[in-house]
Amino acid sequence: MSDTTLVRPRAEFLRGISMRDAGTLIGLVVILAVFGAMVPGFFAERNLINILQQSSINACLALGMTLVIISGGIDLSVGPTAALSAVISASMMVAGVPFPLAIAAGFAIGLACGLVNGVLVAYVGLQPFIVTLGTLSTYRALALIYTGGNPVLGLPPGFRAIFNGSLFGLPLAVVIVAGVAVVAWVVLKKTPFGEYLLAVGGNEEAAYIAGVPIARTKIAAYMISGLLAALAAQILIGRLGAAEPILGNLWELDAIAAAAIGGASLMGGKGSVVGTILGAVILGAMRNGLTLMNVQSFYQLLATGLIILAAMLIDRVTRGRG
Amino acid sequence: MSPRLQFQGISKLFPAVRALDGVSFSVGAGEIHGLLGENGAGKSTLLRILSGVYRPTAGSVLIDGKPVTLANPVAARAAGVAMIHQELQQVPRLSVAQNMFLGHPLTRGGIFVARREQERRAAEALAAIDPSIDPAAPLGTLKVAQRQIVEIARALLDRARIVAMDEPTSSLTPSEFERLAQVITGLARDGVAVVYVSHKLDEVFGICRRATIMRDGVVVDSVDLNDLSEKAVVAMMVGRELAQEHHNSHATNKVTLSARGLSSATKVRNVSFDLHRGEVLGIAGLVGSGRTELLRLLAGADRATAGTIAIDGKAARFSSPRDAIAAGIGLVPEERKREGIVPLRSISSNMALASMGVFAPRGVIDHARLKRVAVDKMGRVNLRPFLLDRPIRLFSGGNQQKAIIGRWLAAGTRILLFDEPTRGIDVGAKAEIYHLIEELAAEGHAVIVVSSELPEVIRLADRVLVMRDGSIAAELHRDDISEQAIAAHAIPQTQTPAAQSARQ
């Protein structure tokens, strides 16, 4: 017994980071090393902060996406959810509504969009892919109809100052998303809701027999995804000073890519918050490096595609270990 | 004359595991050869080698005296080996004929599938064994027993010289087994060598003359079953004598659960009974008689259309398993993989799933406490190896079952519903599960056991309800419980076995 007690502290420490997360981390280190060698100034503090800032919106969306994917679903509607949330809060601010209220309204829109997705999936029993494909068009259309297709311009400087500020030398957006990541990690690892998500996605029938509240769990996942899409929208319009109804186009694909690179399985029941964050930073670092190298955007797309495929191949080869 | 099938010194190494070690035995043409052993003894690995899924690390397979290379399933099929799997590998939406020609369809000019011709040939093959099956019908509309027959017809179609059957009867009723046994005997009469794997010893003794017994990857012996008792064979399988277990009753007369006039939309019709503290109530009946459906009503998994349930005299209404769990009821389901475990999650997580609220009183899970309870409950159900953080899918069926039982103990469940508690579980682990059920009853739990295995019902039950067509056909008290009594009530009066065979 004394032997196991001696070994325990190390084992506890190692359990915090899984084999799969370690793999994603190695991937990130390799990519950073390659760009560091090829791009002068890549490791400059300013550029590293840039990478984090550029990754923050995708990381925010990808965290919500990870929870939905773990539950066995998918949320294709995050981009339009963000757009709808953005144009409604922006137009409220332009109309003179105090911005805490306008931001709250934006979050409420995100939660409502998630609620609709969740109810259609959990209570009506439609397939998540089709439901969110439908709401992808619907929410986008609502944003376009609401604005007549025009951007909402002239956001108050006070609002912009919130999201463009910095804390501890880091852009506030990065700090906020890091905070969200910590909360998401705690939720997944330390709360019943996290266990329920993994159980519902891992074996819904068994979870039902064991008394897991299936519908509530799924709906909560979609609502969190909607809320984080709304948060991403606030960060973006704070940075741009305007809200376009077409913002967030193809955001869902980047978010799914980050989650998948980080080890989430589209079959459900598997996924990691740490992995997803690393996945988002991998995508961000790669785009940043290629841009600095003046590589055409066609090749950036190619690189993104290859990274996703490589991550999946490595997954396949190492499956069942750790 | 050389035997039809011969294994010579077959070994199979996996990383860190020696699954087979020098396995040698032979099966003659026209012989039905039993292959016996506990889970993990190496039977499935050997069958996978025979059907070309695995390559042996050492040794060779001989067919009619000639060594054959079974590099992949197609090669094995070409060599005359047909494999009939435990979980049928068929496509339910395709027709019977399409399934029989799956992978190598008949074509016209190499482009178009010749459906008519396929159906004609399928009908020919089926005619010999079960002409009532329509080759054009979607396979999904057939009963499991008929689907087995289709697999066998497919083997005939391939002119298989060797047919390997892995647990073919795990979901068949006794009369369906009789039919299948006739078909298998017919195959053997035509000179096919049959390798027959089953956990049900009475079946193996019924249709096999010889059997090979495996344990831990090696052959214990190839024996003539006429010379041995079932008990001796079990001893060879597990490597020790299993003590003959006697039934102990702990039933009280305090009613814990009472059901009155329960009916469901599916099968259950007007079922009433009382369950007492410390009692083990057996529910017997044919597959499809509504036993599983009754348990699902009691566990809140399905909703009753009529009737009432009372727990300790208080009326209870269940709209989901959550309600039933709150009332102290837990279901240990029949299909462990589908309804029991969350495969990727650890033993501890699977154990804690039904009682998360207890472990997270303030929203965050108290992992230290969860671990303490897991250590306690898994020790209680005697789960070994004691690796609580390991994904449950890596454990044997018996251990998975123990973890599910531990789940209900952790949730403070007082009424345990077991649906086929030892399905797919080793002989050795079976005895442990029986013990556990008895101990739970002794501690004052009320237990219901649904089982198709009559010896199991007789071993465990203080009282037996026999179900037929969704209703309770009889209630048997301990002294009246016997296989004959149960069978007499379970089989519909208009359809006794004699009447059935007369019709055919």
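Here are the numbers for the structure shown:
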{"item": "Potential lengthening between B:Ser222 and B:Ala127 on full extension [0.36 nm per residue; Cα-Cα distance subtracted]", "result": "30.7 nm"}
{"item": "Inter-label distance, nm, simple model (7 Å from Cα along the C-beta direction), A:Leu153/B:Asn253", "result": "9.1"}
{"item": "Residues of type aspartates and glutamates that B:Lys337 reaches as a straight line, Cα spacing below 15 Å, ignoring anything fewer than 8 places off in the same chain", "result": "A:Glu204, A:Glu205, B:Glu87, B:Asp419, B:Glu420"}
{"item": "Given charges at Cβ of Lys, Arg, Asp, Glu: the protein assembly as shown dipole, positive-most of A:Val200, B:Ser355, A:Gly134", "result": "A:Gly134"}
{"item": "Relative contact order of chain A, defined on C-alpha pairs under 8 angstrom at six or more residues apart (%)", "result": "34"}
{"item": "√(5λ) per eigenvalue of the Cα gyration tensor, chain B, largest first, Å", "result": "41, 28, 23"}
{"item": "Shielding by partners, peptide A:191-197 (average Cβ within 10 angstrom, other chains)", "result": "5"}
{"item": "Neighbourhood charge, 12 Å Cβ-Cβ cut-off, centred on B:Glu475 and excluding it, Lys, Arg +1 and Asp, Glu -1", "result": "-1"}
{"item": "Cα shape, segment B:136-199, gyration tensor, a/c 1.5 rule", "result": "oblate"}
{"item": "Kirkwood estimate for segment A:62-209, i.e. one over the average of 1/r between Cα atoms, Å", "result": "17.2"}
{"item": "Per-selection Kirkwood Rh - segment B:328-463 (Cα, Å, 1 d.p.)", "result": "15.0"}
{"item": "FRET E, pair B:Val144, B:Ser396, Förster distance 25 Å, beta-carbon r, rounded to 0.05", "result": "0.55"}
{"item": "Neighbour net charge for B:Gly278 - beta-carbon separation under 15 angstrom, K R +1, D E -1", "result": "-2"}
{"item": "10 Å Cβ neighbours from other chains, averaged over peptide B:348-359", "result": "4"}
{"item": "Partners for A:Lys189 among aspartates and glutamates (Cα-Cα distance below 18 Å; same-chain residues under 8 apart left out)", "result": "A:Glu12, A:Asp21, B:Asp366, B:Asp389"}
{"item": "Ascending count of other beta-carbon atoms within 10 Å, so fewest first, for A:Thr304, A:Thr191", "result": "A:Thr191, A:Thr304"}
{"item": "Calculated SAXS-style log₁₀ I(q)/I(0) at q = 0.06, 0.08 Å⁻¹ - the protein assembly as shown, Debye, Cα scatterers", "result": "-0.50, -0.86"}
{"item": "Charge dipole (debye, nearest 20) of the protein assembly as shown; +1 at Cβ of Lys and Arg, -1 at Cβ of Asp and Glu", "result": "1640"}
{"item": "For segment B:372-421, size of Cβ-based charge dipole, Lys and Arg +1, Asp and Glu -1, in debye", "result": "180"}
{"item": "Rg/Rg_globular for segment B:94-195, with Rg_globular taken as 2.2 N^0.38 Å and Rg from C-alpha atoms", "result": "1.08"}
{"item": "FRET efficiency, 1/(1 + (r/R0)^6) with R0 30 Å, evaluated for B:Ala265 and A:Leu115 via beta carbons", "result": "0.50"}
{"item": "Of the DSSP H helices in chain A, those whose Cα atoms cover at least 27 Å axially and whose Kyte score averages 1.6 or more", "result": "A:19-38, A:99-122"}
{"item": "When each of A:Lys218/B:Lys314; A:Lys218/A:Lys270; B:Lys200/B:Lys267; A:Lys270/B:Lys377; B:Lys377/B:Lys430 is checked by Cα-Cα distance, pairs over 21 Å", "result": "A:Lys218/B:Lys314; B:Lys200/B:Lys267; A:Lys270/B:Lys377"}
{"item": "Sorted by Cβ neighbour density within 10 Å, fewest at the top, the residues B:Val364, A:Val180", "result": "B:Val364, A:Val180"}
{"item": "Isotropic mean projected area of the C-alpha convex hull, segment B:5-238 (nm²)", "result": "13.1"}
{"item": "Partner aspartates and glutamates for B:Lys402 [C-alpha distance under 12 Å; skip if fewer than 8 residues away on the same chain]", "result": "B:Glu432"}
{"item": "Listed residue (A:Ser272, B:Gln182, B:Leu476) projecting farthest to the positive dipole end of the protein assembly as shown, Cβ model", "result": "A:Ser272"}
{"item": "Quarter of Cα convex hull surface for segment B:343-412, i.e. mean projection, nm²", "result": "4.1"}
{"item": "Stokes-Einstein diffusion coefficient of segment B:1-135, Kirkwood radius over Cα pairs, 10 °C, 1.306 mPa s, in µm²/s", "result": "93"}
{"item": "Inter-label distance, nm, simple model (7 Å from Cα along the C-beta direction), A:Met19/A:Ala310", "result": "2.2"}
{"item": "Test item: B:331-341 mean partner chain Cβ contacts at 10 Å", "result": "3"}
{"item": "About the Cα centre, charge dipole magnitude for segment B:343-412 (Lys/Arg +1, Asp/Glu -1 at Cβ), debye", "result": "80"}
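FYI, it's all coordinate maths here, none of it is from the lab. All values derive from a computational prediction rather than experimental measurement. We place every Cβ from the backbone using ideal geometry, glycine too, and count neighbours over all the protein chains shown.
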